[in-house]
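S.K.: Structure below; questions to follow.
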2 protein chains.
Amino acid sequence: MSVNLDQLCINTIRTLAMDGVQKAKSGHPGMPMGMADVAYVLWTRFLRHNPGNPAWPDRDRFVLSAGHGSMLLYSLLHLTGYDLPLEELKNFRQWGSRTPGHPEYGLTPGVETTTGPLGQGFANGVGMALAERFLAATFNRPGFPIFDHYTYAIVSDGDLMEGVSHEAASLAGHLKLGKLVYLYDDNEISIEGSTDITFTEDVSARFRAYGWHVQEVDGYDLGGIEAAIRAAQEETERPSLIVCHAHIAYGSPNKQDTAGAHGAPLGEEEIRLTKEALGWPAEAHFLVPDEALAVFRQAVERGQQGEAQWREVFERYRAVYTKEAALLDALWAGELPAGWGDKMPVFNPADGPLATRKASGAVLNSIASALPTLVGGSADLAPSNATLLRDYEDFQSETAAGRNLRFGVREHAMGSILNGMALHGGLLPYGGTFLVFSDYMRPPVRLAALMDLPVVYVWTHDSVWIGEDGPTHQPIEHLAALRAIPNLVVIRPADANETASAWRAALERRDGPTALVLTRQKLPILSESARDPAETVARGAYVLADSSGTLDVLLIASGSEVHLALEARELLAEKGVGVRVVSMPSWELFDAQPESYREMVLPPEVTARLGIEAGVTQGWGKYVGWDGDVIGLDCFGASAPYKVLTEKFGFTAQAVVEQALRLLGRE
Amino acid sequence: MSVNLDQLCINTIRTLAMDGVQKAKSGHPGMPMGMADVAYVLWTRFLRHNPGNPAWPDRDRFVLSAGHGSMLLYSLLHLTGYDLPLEELKNFRQWGSRTPGHPEYGLTPGVETTTGPLGQGFANGVGMALAERFLAATFNRPGFPIFDHYTYAIVSDGDLMEGVSHEAASLAGHLKLGKLVYLYDDNEISIEGSTDITFTEDVSARFRAYGWHVQEVDGYDLGGIEAAIRAAQEETERPSLIVCHAHIAYGSPNKQDTAGAHGAPLGEEEIRLTKEALGWPAEAHFLVPDEALAVFRQAVERGQQGEAQWREVFERYRAVYTKEAALLDALWAGELPAGWGDKMPVFNPADGPLATRKASGAVLNSIASALPTLVGGSADLAPSNATLLRDYEDFQSETAAGRNLRFGVREHAMGSILNGMALHGGLLPYGGTFLVFSDYMRPPVRLAALMDLPVVYVWTHDSVWIGEDGPTHQPIEHLAALRAIPNLVVIRPADANETASAWRAALERRDGPTALVLTRQKLPILSESARDPAETVARGAYVLADSSGTLDVLLIASGSEVHLALEARELLAEKGVGVRVVSMPSWELFDAQPESYREMVLPPEVTARLGIEAGVTQGWGKYVGWDGDVIGLDCFGASAPYKVLTEKFGFTAQAVVEQALRLLGRE
């Protein structure tokens, strides 16, 4: 291939990016222009993908962590033959287009993850590489390399400044994820100007310290870029960072190397000048020369052949490893293996009280064998979160079929890696920490919700009742803050059986993340809670104990406070007050029920309603109404033994009784 | 001093920690036992502090970033003579004690910051060192070193795994904060076991890559520790990390070097064995030998003398630099300089529409000269957040009196550094990013609220109306999630004048953080909003425009949606509907008003109420009631031009009118 044809192809990317952003009057042209050469080499000489089937399980993954450069990705997807017509590029950033401002997973074929919030793509890629490694170790057999692909990413200065990239890089180095190849757009420009004003660390030395293989290349030396990617592939023990010395808005006579080219169109005049400088027809817009398109479109046939060869191998694999192949088929279809929940434990009140975190651990260990790709761990709190699968090894470089992940004290990376694992497909990922530290991982939780990813969070130590550790460790606002995230289902079970049902609901939910909010302290096991999960937890709320006579008051509670409600019900019954206790483990699941069910559980005519939950009262109004009230905690907690705190904060059966009587005007 | 006396002192710390945790039946003995030697050398040979006055402005700062080792700090505070009697150590982790599970700023004299959530203390210390550097450059004069102190911290494996420590370390290295001296408890144990399972990076190389000065010492070689701290002090260009090779639960025959010693009492028997091994009376509890106490208590007189000398210098300074000294006195008293707000701009409707982020920039630049220690910046979004003080330099190593901080794309560190700056005292810190990225900094925002720190957040691009950048950049749940945090005041002003009043409220609030939530898009300036700030924004909500006749409907809105309410009011008036528009920039400020005011603004008898806000509806029920409704957004946004989104998401005057009529039964 002649140098000129290479340049023609590269300038096609460059000009499409300029034109797309200009037409939208909004966007980020500088990055695509600067990294067009690197991307071109990667996509035409290395990337193993099939534009005709973006779901091919063994494709290489490509992550544009610097998501603001979305026009780079859209251009590549269009040019290599994905179902993304040129018309869509002209509709960049418009309502209903498949070319939104930042790449969105699920919307655009070939987009592997939603990026834009910096650092996320970096860590998603680590999750994808981890998934590949686990699946290869678990399913590959001699002569059957079912899983054998690279994970590439383009990462930016901004990605590398974000803490989550440090966390993920440190873990990737530890795990020796050698098939991770990251191309760093070292353009020395960020929004506020030169990176000299804040980012002067020695990035190469830093990544070497994490155990990475580091190379540096000129971002416009195609041979050098190719050699570096090849060397990165050959390095199998260490993840690779290729530092690409690049120039933002490369080719623009007046805007190259300026922060002004980062987040705004170049302007018609500058685009004209740039095209002239590139030897491009100055007045053409969205021009794709046939010769260039032909080069890119070779991906279509290469991809078909590549996948066909793989499918041939997989069919031979299926003949020998029938069970494994059937499992993979189910997982790729987003299904759970049949009968997965048969070993779900049922807990008996006679077993004595059990913390819901412990119940969760028992559930995990009961179902683990039926779900061979249930893989997860904790951010250094496995003994507390009860997330360990006891019969399985750790996932480490030497034991990559291990199912216990050791995330370290890296909650943020954990969240983003879980997303990457879910995005890769084939895995059922979960991760744990204390509920209060869900704050450390909110950005990836939000993205899991936005991407409809089936990730499960095991957030334990769910209230002020953790006691002595004090307010830094006592969640107060976290239930409300998590319920505020669209498409995140939050479940706070009241006992061991509700916990089992919560796990069932979480795993069966294939189109979004689920948070399990669990106690540190022991809770009695309820005789009622072992009922059909579909009629209890899966409904979000249900009648746990009813009045035997008239219905005067509704006590609505979640988690540990359900037991307080039951206690108060007994006391109120003695005073002739008819009380219904509603266990409400999940607002989101309850709100999704038909009105008839909701009104059956919470009859509109009963307006004396008391919510009970050890957290901020925000949002409870929609269940208790203006005539109702909530026993909650709208302040931070304190360090003291649990039982002392229940007294001090007014979470006693007596307090509930008094408040209920007050609602009835019977003080 | 004899080696034996040193050991006696060190073992006093060690045994107090063991005994305190054992008595509480809860806590973390391993870290204090392991780091007792290092802490002893630092506190008796270096730390310049005055136990009699923990507020001495020029004291050295000591941060226990590994806050779970709180008994180490409480022991040191007690032993060196702070107002923390031995009785308090015996009350460790009990209700009402000054020795909570994790150190809490404001509760215990000598505790410089609340720690426990890992990584926070590390970054707080960077903020303190930054504050010292700025204040020294700004206020010191030849012969008057008013600000000249070190910032020390003990940091743990967990701290160094957290992304926020990476971010903060990178920035500290860039800024050449040479007076930062961190002692790293390299004990190779975390909760899940050996750090070998997840944390194998080369920490020393990593910190060198950030531009730090790194040394390694034996954590039990007193001379070596002393020499290393001295070398760290002598290194003035680079922050120092001293890697202390230490053993968790040092001295415990059976628990040393085990994860079991991290977070649980050793047990009576093991404590007895440990005391025997240390040559300590095995049956004594909370024993403080007189000879040891005498050594530690030298801090009292040394501290008095140190502060007295400093006060003498400060008084001479005051004589020459009257204005500067008066300013410092005010700041140390938590007050703003008199007349600080005189230059607050007033915006005129005739000036045309203005984005509230731009109004915020105008405010900042107007008041900057009257507030010489107003210092802040943005996480690489200064041009978008309008946070730059145009007449002032950047804060850089060569220009340390500069007032513009360049945080880089490091939102989390920004939040924690702002906390450190506020904790140091003397500064009025602020920091900006997009509202959606407040998620990246929630942990320090929570801690600012918990610590009552007067930090101001400038969170712009506050809704789906940012348009083309799409759902990754469009905050939906963030207002609700932030309002859920106790003691955080959230203000979303409706125009430029409300923005000025919001800044006034934020700066005058000296006992907690304030979030300013600002638009990207332009908003008209309202003629009503220039009224007395004390009667508008400071009230949280106020009547912006009232019905001229009967009052049929309340339209309650914040920020940009106030203008929609005003528009709808006109249309409804044409239909004979009497509408009051309530501008509600802050729930927290409104909820703090007397009931009489709240009922004046929102008369209970008017139940046709419509809330309007471009975000999740969670929590609005308390203002609109069961008979009211909310026009909000309970789903993620989309990438498209702003005006298109207003139509698609139903935020039009027509939609408001229809909904209001529906509430009145007049569809």
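S.K.: Restricting to DSSP loop positions (anything but H, G, I, E, B) with no more than 16 other Cβ atoms inside 10 Å of their own Cβ, which trypsin sites (Lys or Arg not before Pro) remain in segment B:130-205?
M.R.: Numbers: sites: B:133, B:176, B:179; in loops: B:176, B:179.
Loop-located and lightly packed - none at all.
S.K.: Just order A:139-147, A:610-618 by mean Cβ neighbour count inside 10 Å, highest at the front, would you? All intermediate terms of the calculation are to be shown ahead of the outcome.
M.R.: Working: A:139-147: 15.3, A:610-618: 24.9.
Listed from highest to lowest mean packing, they are A:610-618, A:139-147.
S.K.: Additional query: Hey, what angle do you get for helix A:653-663 against the long axis of chain A, alpha-carbon based, 0 to 90 degrees rounded to 10?
M.R.: Compared with the principal axis, the helix lies near 90 degrees.
S.K.: Would you please give the residues with an amide H less than 5 Å from that of residue A:374, counting only those at least 5 places away or on a separate chain, with H modeled from the backbone geometry?
M.R.: Residues meeting the criterion, in which the H sits 1.01 Å from N, are A:428.
S.K.: Summing +1 for each Lys or Arg and -1 for each Asp or Glu, what net charge is found among the other residues whose Cβ lies under 11 Å from the Cβ of residue B:368?
M.R.: With Lys, Arg at +1 and Asp, Glu at -1, the net is +2.
S.K.: Rank B:502, A:431, A:128 by how far each Cα sits towards the positive end of the charge dipole of the protein assembly as shown (+1 on Lys, Arg Cβ; -1 on Asp, Glu Cβ) and give me just the farthest.
M.R.: Final value for the positive-end residue is B:502.
S.K.: Measure nothing but the geometry: give the 0 to 90° angle between the long axis through the Cα atoms of A:290-320 and the longest principal axis through the Cα atoms of chain A, rounded to 10°.
M.R.: Tilt of helix A:290-320: around 50 degrees.
S.K.: Taking every residue in B:398-409, how many Cβ atoms of other protein chains lie within 10 Å of its Cβ, on average?
M.R.: Numbers: counts 0, 0, 0, 0, 0, 0, 2, 1, 8, 3, 13, 17.
The mean count of partner-chain Cβ atoms within 10 Å per residue comes to 4.
S.K.: Let me ask you something else. Can you give the helix-only mean residue ellipticity at 222 nm for the protein assembly as shown, where every DSSP H stretch with n ≥ 4 adds -39500 (n - 2.57) and the sum goes over all residues, rounded to the nearest 500 deg cm²/dmol?
M.R.: Value at 222 nm, helices only, nearest 500: -12500 deg cm²/dmol.
S.K.: So for each of B:165-173, B:476-484, A:410-418, A:282-290 I average, over its residues, the number of other beta carbons within 10 Å; can you give me the resulting order with the highest mean first?
M.R.: On the way: B:165-173: 29.7, B:476-484: 26.6, A:410-418: 32.2, A:282-290: 13.9.
Ranked by mean Cβ neighbours within 10 Å, highest first: A:410-418, B:165-173, B:476-484, A:282-290.
S.K.: Check each of the trypsin sites (Lys or Arg not before Pro) in segment A:604-667 and keep only those in coil by DSSP with at most 14 other C-beta atoms within 10 angstrom; list them in order. Provide the component values of the computation, followed by the final result.
M.R.: Details: sites: A:609, A:622, A:643, A:648, A:662, A:666; in loops: A:666.
Taking segment A:604-667 and a limit of 14 other Cβ atoms within 10 Å, the loop trypsin sites (Lys or Arg not before Pro) found are A:666.
S.K.: Would you mind checking which residues have amide H under 5 Å from residue B:344's amide H? H placed 1.01 Å from N; only 5 or more apart, or other chain.
M.R.: Here the answer is none, since no amide H 5 or more places off falls under 5 Å of that of residue B:344.
S.K.: Let me ask another. Which whole-number percent gives the relative contact order of segment B:509-639, counting Cα pairs below 8 Å spaced six or more residues apart?
M.R.: Numbers: 199 pairs, mean separation 30.7, N = 131.
Reported relative contact order: 23 percent.
S.K.: Loop-only trypsin sites (Lys or Arg not before Pro) in segment B:1-71, please: DSSP not H, G, I, E or B, and at most 14 other Cβ atoms within 10 Å. Numbers along the way, then the final one.
M.R.: Values: sites: B:14, B:23, B:25, B:45, B:48, B:59, B:61; in loops: B:25, B:48, B:59.
Passing sites in segment B:1-71 are B:25.
S.K.: Rounding to the nearest 20 debye, state how big the charge dipole of segment A:550-609 is about its Cα centre with +1 on each Lys and Arg Cβ and -1 on each Asp and Glu Cβ. Write out the running numbers ahead of the final one.
M.R.: Details: 5 positive and 10 negative charges, 22 e Å.
Dipole about the Cα centre, nearest 20: 100 debye.
S.K.: From other protein chains only, count the Cβ atoms within 10 Å of every residue's Cβ in B:616-624, then give the mean. Write down the numbers at each step before the final one.
M.R.: Numbers: counts 5, 3, 9, 9, 3, 9, 7, 1, 2.
Averaged over the peptide's residues, the number is 5.
S.K.: Taking a 25 Å limit on the Cα-Cα distance, which of the listed pairs B:90/B:275; A:358/A:643; A:358/A:575; A:323/A:343 fall beyond it?
M.R.: Checking Cα-Cα distances, A:358/A:575 exceed 25 Å.
S.K.: Give me the Kirkwood hydrodynamic radius of segment B:158-305, using the inverse of the mean 1/r over all pairs of distinct Cα atoms, in Å to one decimal. Let's see the in-between values first.
M.R.: Values: mean 1/r = 0.0562 Å⁻¹.
In segment B:158-305 this quantity evaluates to 17.8 Å.
S.K.: Return the aspartates and glutamates within reach of residue B:176: Cα separation strictly under 16 angstrom, same-chain partners fewer than 8 residues apart disregarded; answer none if there are no such residues.
M.R.: Cα-Cα hits under 16 Å: A:196, A:201, A:202, B:132, B:148, B:167, B:234, B:235, B:237, B:394, B:398.
S.K.: Tell me, what HN-Hα J-couplings in whole Hz come from the Karplus equation 6.51 cos²θ - 1.76 cosθ + 1.60 at θ = phi - 60° for each residue of segment B:63-73, using x for Gly and Pro?
M.R.: 10, 9, 5, 7, x, 4, x, 4, 4, 4, 5
S.K.: Setting aside same-chain residues fewer than 8 positions from residue A:622, which lysines have a Cα under 17 Å from its Cα?
M.R.: Hits, sequence-local ones excluded: B:622.
S.K.: Find the relative contact order for chain B and round it to a whole percent, using C-alpha pairs within less than 8 Å whose residues are 6+ positions apart.
M.R.: Numbers: 1464 pairs, mean separation 78.1, N = 667.
In percent, rounded to a whole number, it is 12.
S.K.: Per-residue mean of other chain beta-carbon atoms within 10 angstrom of the beta-carbon, peptide B:155-162? Please list the in-between numbers first.
M.R.: On the way: counts 0, 1, 3, 5, 1, 4, 12, 12.
Taking the mean over all residues of the peptide, I get 5.
S.K.: On to the next question. Quick one: what Rg and Dmax do you get for segment A:381-524 from the alpha carbons, in Å?
M.R.: Looking at segment A:381-524, its Cα Rg and Dmax stand at 14.6, 42 Å.
S.K.: Between the helical axis of B:3-24 and the dominant principal axis of chain B, each derived from Cα atoms, what acute angle in degrees is found, rounded to the nearest 10?
M.R.: Taking the Cα atoms of chain B, the angle to B:3-24 is about 50 degrees.
S.K.: Could you order the peptides B:398-408, A:429-439 from most to least packed, using the average number of other C-beta atoms within 10 Å per residue?
M.R.: In decreasing order of mean packing, B:398-408, A:429-439 become A:429-439, B:398-408.
S.K.: Under 9 Å from the Cβ of residue B:478, count the other residues' Cβ atoms, weight Lys and Arg +1, Asp and Glu -1, and hand me the total. Numbers along the way, then the final one.
M.R.: Numbers: positive: none; negative: B:439, B:462, B:477.
That works out to -3.
S.K.: Continuing with the same structure: Mind checking the dipole of chain B: about its Cα centre, +1 per Lys or Arg Cβ, -1 per Asp or Glu Cβ, Debye to the nearest 20? Write down the numbers at each step before the final one.
M.R.: Values: 55 positive and 84 negative charges, 235 e Å.
The calculated dipole for chain B is roughly 1140 debye.
S.K.: Would you mind checking which residues have amide H under 5 Å from residue A:65's amide H? H placed 1.01 Å from N; only 5 or more apart, or other chain.
M.R.: Amide H to amide H, under 5 Å and 5 or more residues apart or across chains, residue A:65 pairs with A:154.
S.K.: Among B:594, B:624, B:577, which residue has its Cα positioned farthest towards the positive end of the charge dipole of segment B:569-646, with +1 placed on the Cβ of Lys and Arg, -1 on the Cβ of Asp and Glu, and the dipole taken about the Cα centre?
M.R.: Checked the options; the winner is B:577.
S.K.: Which net charge results when you count Lys and Arg as +1 and Asp and Glu as -1 among the other residues whose beta-carbon is under 11 Å from that of residue B:565?
M.R.: On the way: positive: B:569, B:580; negative: B:561, B:567, B:570, B:613.
Net charge in that neighbourhood comes out at -2.
S.K.: If you plug each phi of segment A:236-252 into the Karplus form 6.51 cos²θ - 1.76 cosθ + 1.60 with θ = phi - 60°, what whole-Hz ³J(HN,Hα) values come out, in order, with x for Gly and Pro?
M.R.: The phi angles translate into 9, 9, 10, x, 10, 10, 10, 7, 9, 6, 10, 10, 4, 6, 3, x, 7 Hz.
S.K.: OK, next. Taking every pair of alpha-carbon atoms in the protein assembly as shown, give the share separated by more than 66 Å as a whole percent. Write out the running numbers ahead of the final one.
M.R.: Values: 49951 of 889111 pairs.
Roughly 6 percent, once rounded to a whole number.
Bear in mind these aren't lab numbers, they're just calculated from the coordinates by the rules spelled out. Here the structure is a predicted model, which means the values were calculated and not measured. Positions of Cβ are backbone-derived with ideal geometry, glycine not excepted, and every protein chain shown enters the neighbour counts.
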